[in-house]
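Below is one structure, written out as structure tokens; the observations come after it.
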Amino acid sequence: MNRIAVYSIHAFEKEFLLNANNSQFELLLIEEGLSVNTVALSKGCAGVALFTSDDASAPVIELLAKEGIRFIVTRSTGYDHIDINVAAQKNIPVAYVPGYSPNAIAEHSIALMLALSRHLIQSDKKVKQYNFTIDDLVGTNLQGKTVGIIGTGQIGAVMCKILDGFGCNILAYDIEQNGSLRYNYNVKYCSLEDIFRLSDIISLHAPLNHSTKHLLNEHSFSIMKKNIMLINTARGGLIDTKALLDALNNGTVGYFGGDVYENEKGIFFHNYSSEGISDPILLALINHRNVLLTSHHAFLTREALQSIAETTIGNIHCFVSGQSNPNQLKP
Ligand code: NAD
């Protein structure tokens, strides 16, 4: 039976993976993340199954190739943690899980938007202290606001549909336009500059790659309206976080709702409640009164976990049996 090293296994996904596997493959469940220090744990395995927090950069892939690993599957849509070019050079095919549940991530983005615009976190804190006054909880409607969506793939498209329902004016930027969004939800494609200049709310749904790294930077913040709301459930690296903190402090960004952070590796998905954390930028973000941060769990719904598990096992099956795989990534 083919053995697969499943790195960074979490309690929340075990049941789904084991059910989807149905004893087809021997799954070696490893709590440690993949890194140069843990490659050896995959000895004797046909392939590795990764999580977003794993490190499959060039040196790690070189070592996986030496261990005889024949394929990589990632239990995620994003694949910025894998050097797919080096994997291709080593003849190690890589597959991912596209669109396992775009609604899960879109709904989390909307949850951040609503929680911020209606001060739900502050309200909850006050009510728990039996303080039922509301003077400091004046919010804003989403209806009539101009929302800029950057990246109108599977998740961005669901955002357009939901925000159209709220009565928002939707602007969008993508390197490939989706005409049906224009037709169905009155989405207006425009330049990135116009998104920055005209939006009251900006929501990020593009992948992290060399062209999107720090897409939001000092310059982008300098041309935005004052007091905008920024939502990022895509990847932390899309934003220059230092520039974001400046924009929060000078009032350009009135509210920031994030599920990801550019240096989250090694911090998110771990419990530091006893020893605390030392990253000064993350600390400043967490402690900012207008920031609502969640720890990369926009994907974490039962529906999404089932879909991720089924597609991952399907990807392994394709590689093991030599069938062509529609989810195989092209370098
Ligand atoms: P997708 O591939 O369907 O859509 C991505 C869109 O971004 C595409 O339309 C693409 O053309 C566009 N794009 C690419 N480069 C761009 C650029 N330079 N500028 C603007 N647009 C660009 O992917 P998706 O399923 O919608 O997911 C989007 C991202 O969300 C993923 O790459 C992943 O990083 C992130 N994600 C986060 C979570 C989470 O739990 N927080 C879960 C799933 C996905």
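The values are calculated or read from the model by the stated rules, or taken from the named source; none is laboratory data. For clarity, every value in this text was computed on a predicted model and none was experimentally measured. As a convention, Cβ positions derive from the backbone with ideal geometry for all residues, glycine included, and neighbour counts pool all protein chains shown. Please note that ligands, DNA and RNA were not included when accessible areas were found on the heavy atoms of the full protein model with its side chains. Shrake-Rupley method; radii C 1.70, N 1.55, O 1.52, S 1.80 Å.
So how many residues does the stretch 297-317 have that are assigned to a loop (DSSP other than H, G, I, E, B) and over 11 Å from VAL97 (Cβ atoms)? Let's see the steps before the verdict.
Looking only at the stretch 297-317, we keep the residues that are assigned to a loop (DSSP other than H, G, I, E, B), and these are 297-301.
Filter again for over 11 Å from VAL97 (Cβ atoms), leaving 297-298, 300-301.
Adding up the residues that qualify gives 4.
Any residue at all in the stretch 205-212 that is outside any helix (DSSP H, G or I), touching a Cys at 6+ places or on another chain (Cβ under 9 Å) and outside the structural domain of ILE84 (by TED's automatic domain parsing)? Give the steps one after another, and end with the answer.
Taking the stretch 205-212 as the starting set, the residues that turn out to be outside any helix (DSSP H, G or I) are 205-212.
Keeping just the survivors that are touching a Cys at 6+ places or on another chain (Cβ under 9 Å) gives none.
No, the stretch 205-212 contains no residue that is outside any helix (DSSP H, G or I), touching a Cys at 6+ places or on another chain (Cβ under 9 Å) and outside the structural domain of ILE84 (by TED's automatic domain parsing).
Only residues in the stretch 217-246 that are part of a strand (DSSP E or B) count as the first member; pair them with residues that are hydroxyl-bearing (Ser, Thr, Tyr) and open to solvent by less than 10 Å² (accessible area, probe 1.4 Å), Cβ under 6 angstrom, at least 6 apart or cross-chain, and list the lot.
ILE231/SER109; ILE231/SER203
With respect to GLY266, is the statement that it is surrounded by fewer than 20 Cβ atoms within 10 Å (Cβ to Cβ), part of a strand (DSSP E or B) and away from the ligand (no atom under 16 Å from the Cβ) true?
Spelling it out, it is not the case that GLY266 is surrounded by fewer than 20 Cβ atoms within 10 Å (Cβ to Cβ), part of a strand (DSSP E or B) and away from the ligand (no atom under 16 Å from the Cβ).
Kindly provide the set of residues from the stretch 168-182 that are more than 9 Å from the ligand (Cβ to nearest atom) and of a type in the set (Val, Ile, Thr), ordered by number.
ILE170 - this is the single residue of the stretch 168-182 that is more than 9 Å from the ligand (Cβ to nearest atom) and of a type in the set (Val, Ile, Thr).
I'm checking my understanding of the structure. Among residues of the stretch 205-224 that are within 11 Å of the ligand (Cβ to nearest atom) and open to solvent by 80 Å² or more (accessible area, probe 1.4 Å), which one is nearest to LEU244 (Cα to Cα)?
Looking at residues that are within 11 Å of the ligand (Cβ to nearest atom) and open to solvent by 80 Å² or more (accessible area, probe 1.4 Å), I get LYS213.
Quick test for you: out of ILE155, ILE121, ILE149, ILE162, pick the one residue that is within 26 Å of PHE299 (Cα to Cα) and touching a Gly at 6+ places or on another chain (Cβ under 6 Å).
ILE149
So which strands (runs of 3 or more DSSP E) stay within the stretch 17-102 end to end and still have 3 or more residues that are under 28 Å from LYS213 (Cβ atoms), modelled with pLDDT of 95 or more and open to solvent by less than 20 Å² (accessible area, probe 1.4 Å)?
Filter on the stretch 17-102 gives 47-50, 71-74.
Here is a list of conditions, (1) within 16 Å of the ligand (Cβ to nearest atom); (2) assigned by TED's automatic domain parsing to the domain that holds ILE202; (3) assigned to a loop (DSSP other than H, G, I, E, B), and TYR272 meets all of them except one; can you say which number that is?
(1)
For the condition touching a Gly at 6+ places or on another chain (Cβ under 8 Å) and either of a type in the set (D, E, K, R) or assigned by TED's automatic domain parsing to the domain that holds HIS210 (or both), what is the one hit in ASP54, ASP83? Steps first, answer last, please.
Details: ASP83 fails: touching a Gly at 6+ places or on another chain (Cβ under 8 Å).
Of ASP54, ASP83, the one residue that is touching a Gly at 6+ places or on another chain (Cβ under 8 Å) and either of a type in the set (D, E, K, R) or assigned by TED's automatic domain parsing to the domain that holds HIS210 (or both) is ASP54.
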